[in-house]
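Quick note: the coordinates plus some simple rules give every number you see, no bench work behind them. Predicted model, so just to flag it, every value in this text is computed and none were measured. Because the Cβ atoms are built from the backbone with ideal geometry, glycine has one as well, and the counts that use them run over all protein chains shown.
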Amino acid sequence: MNTSKKKILVVPGNTDLNRGDQALIWESIRLLEDIYTNLEVYLYESGASDKERELQKAQTKSKGFIFLTRILLHPRVKANINKKMSDEVKYSKLVYIKWGIIAFLDFISTMLLIIPNSFINKLGRCFLTIEQKKSLDIFQSLDAVIVKGGGFLHSYGKLHDPFVMYYFLFDLMLAHRHKVKVIILPNSIGPLKNRIARTLVKRVISKSVFISVREDVSYQFLKNVLNISSKKYPDLGFFLKSYETDLLPYLINKGFIKEKKNIAITLRPYRFDGFVNADRLYNSYLTEMSNFVSHQIDKGYDVTLMAHTLGPSAHEDDRLALNEVYHFLSDKYKKSIIYLEDFELDCRQIQKLYSYYDLVIGTRFHSVIFALNENTPSIAIAYGGNKSYGIMQDIGLPEYVIGIEKVTSFELDLLVEKLESEKAYYIDKVRRYQNLLEKNRIELINSIKIVVR
């Protein structure tokens, strides 16, 4: 085992407000800690304001990791510095125009950093802030750039897709420029409906020393569409260990009645990218979820509306969708509902909470993974890429996924009834999958060791 100090940067960025991403960051680092005995970990901080940045890194910072300013910032950050975060799910055309101008200028300036010419690189450095220059200096001394587990490389044919892919792949391209090894931990990749975005993804990730995916749909996409070989391992969220302390008293204090049947529901304010009738679909999604909640309460369930992700942007703040569903309900049903948001909870504590429920309906797929880790049956509402369909297919439960654009109360009611009648079969599938997890994790560690020697 290599005992010299190794410097790694985990990308894209850290956000403690998204408990799924937090788990992936923590588990990505834990993997590397099992490979190196002397590790120096760097992370990119996120957020447009000082308060937002502190919220997004406080829990992870307490673990002793070092935070850097991102070299290529999201246009939202530059457009909203020192301004209140928007509470709108759907961005206006003016916002997109503003972001587009910022993105174009950033593309031109940051391209200078990845062109294989030292003079041009020095010219590009002139466009960076003092903090970004510090990040670049550290970047050049790294031993590896680690792409955390997860899923962000997908596009649906939008005009801005090429820049979105450039934004997410920039650190990989910068790593290639400085001969820093790139390791891609289990991700979902695809679909990539924009041709330019697809070409860029193929060109950049193919230069990585290690590429892994978290489900078979992405594995086949890389193999058959991008002609790239990869290895398949479980989503790193499956390796997350539950919080040790009993949190049932916490839930009871919120109004939880353990003697009753309980459903936890996670939602997100999804913009329905790639759909021409996005507004109608979003309204339908919330209405149908409200109807589903009332139907399940009529059947005897209590329902917890769980804010699994709390930001950073409105598009990532589950409270917006949860509050809309809650306000759709009549007072008759509200007495059987717990609305739960808590910035103090981390991913391990959230996972522990799911262990007390009979069932989880998860739009946030890591709420499904966390629940499965606790042997709590779950139904996944799929959005944005291959992850939900692919992972549930790998577990052997593809019938318990429904596309977010197809959500109806009727279909969800049927799935709940099916799950209630097949619970033993469902849990058996989950446990068979869990039995392979530790072996898979060891194999992943050994595969990475080969390329980092």
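Given the pairs 260/439; 299/423; 122/179, which are separated by over 29 angstrom at their Cα positions? From 260/439; 299/423; 122/179, over 29 Å: 260/439.
Checked against a 21 Å cut-off, the cross-linked pairs 335/418; 261/332; 181/202; 7/133 give Cα-Cα distances beyond that limit for 335/418.
Against the chain, whose longest principal axis is taken from its Cα atoms, helix 423-434 shows a tilt of about 20°. Of the trypsin sites (Lys or Arg not before Pro) in segment 163-193, the ones in a loop by DSSP (not H, G, I, E or B) with at most 16 other beta carbons within 10 Å are 179, 193.
Would you please classify the overall shape of segment 1-78 from the alpha carbon gyration tensor, given that a ≥ b ≥ c denote the square roots of the eigenvalues, rounded means a/c under 1.5, and beyond that prolate means a/b larger than b/c while oblate covers the rest? The shape class here is prolate. Using C-alpha pairs below 8 Å separated by at least 6 residues, the relative contact order for the chain is 16 percent.
Taken over segment 236-327, the convex hull of the Cα atoms encloses 146 Å³ per residue. When the C-alpha to C-alpha distance is required to be over 25 Å, the pairs from 5/387; 6/57; 193/387 that qualify are 5/387.
For the chain, the normalised intensity computed at q = 0.14 Å⁻¹ comes to -1.47 (log10 of I(q)/I(0), Debye sum over alpha carbons, equal scatterers, no solvent). The aspartates and glutamates whose alpha-carbon is closer than 15 Å to the alpha-carbon of residue 231, local same-chain residues fewer than 8 away aside, are 215, 216, 394, 443. May I ask for the angle, rounded to the nearest 10°, between helix 50-61 and the longest principal axis of the chain, with both axes built from Cα atoms and the value confined to 0 to 90°? The answer is roughly 80 degrees.
Taking the centroid of alpha carbons for each part, segment 382-415 and segment 134-205 are 27 Å apart. Subtracting the Cα-Cα distance of residue 199 and residue 330 from 0.36 nm times their residue separation leaves 42.1 nm of extension gain.
Of the chymotrypsin sites (Phe, Trp or Tyr not before Pro) found in segment 291-371, the ones in coil according to DSSP and having at most 13 other Cβ atoms within 10 Å of their Cβ are 343.
Taking the Kirkwood radius as Rh and the Cα radius of gyration as Rg, segment 330-453 has a ratio of Rg/Rh equal to 1.03.
Translational diffusion coefficient, Stokes-Einstein: compute it for segment 248-421 using the Kirkwood radius over C-alpha pairs as Rh, at 10 °C and 1.306 mPa s, and state it as an integer in µm² s⁻¹. Rounded to a whole number, D works out at 98 µm²/s. Seen against the Cα atoms of the chain and their longest principal axis, helix 19-33 is set at about 50 degrees. In this structure the amide hydrogen of residue 187, modeled in the peptide plane, comes within under 5 Å of the amide hydrogens of 150, 212, 213, 214, none closer than 5 places in sequence on its chain.
Taking the helices alone, the chain has a mean residue ellipticity at 222 nm of -15000 deg cm²/dmol, built from -39,500 (n - 2.57) per DSSP H run of at least 4 residues and averaged over all its residues. Would you mind classifying segment 173-248 by shape? Square roots of the alpha carbon gyration tensor eigenvalues, ordered a ≥ b ≥ c; an a/c under 1.5 is rounded, otherwise it is prolate if a/b is larger than b/c and oblate if not. In terms of gyration-tensor shape, prolate.
Loop-resident trypsin sites (Lys or Arg not before Pro) (DSSP state other than H, G, I, E or B) in segment 1-48 with no more than 11 further Cβ atoms inside 10 Å of their Cβ: 5. Overall, the ratio between the Cα radius of gyration of segment 172-324 and 2.2 N^0.38 Å, rounded to two decimals, is 1.40.
Coupling constants for segment 209-214 follow from the phi torsions by the Karplus curve (6.51 cos²θ - 1.76 cosθ + 1.60, θ = phi - 60°), and in residue order they are 7, 8, 10, 9, 10, 10 Hz; glycine and proline get x. Residues of segment 163-206 with amide nitrogen under 14 Å from the 7 Å Cα-to-Cβ point of residue 225? Hits in segment 163-206 for residue 225 at 14 Å: 188-203.
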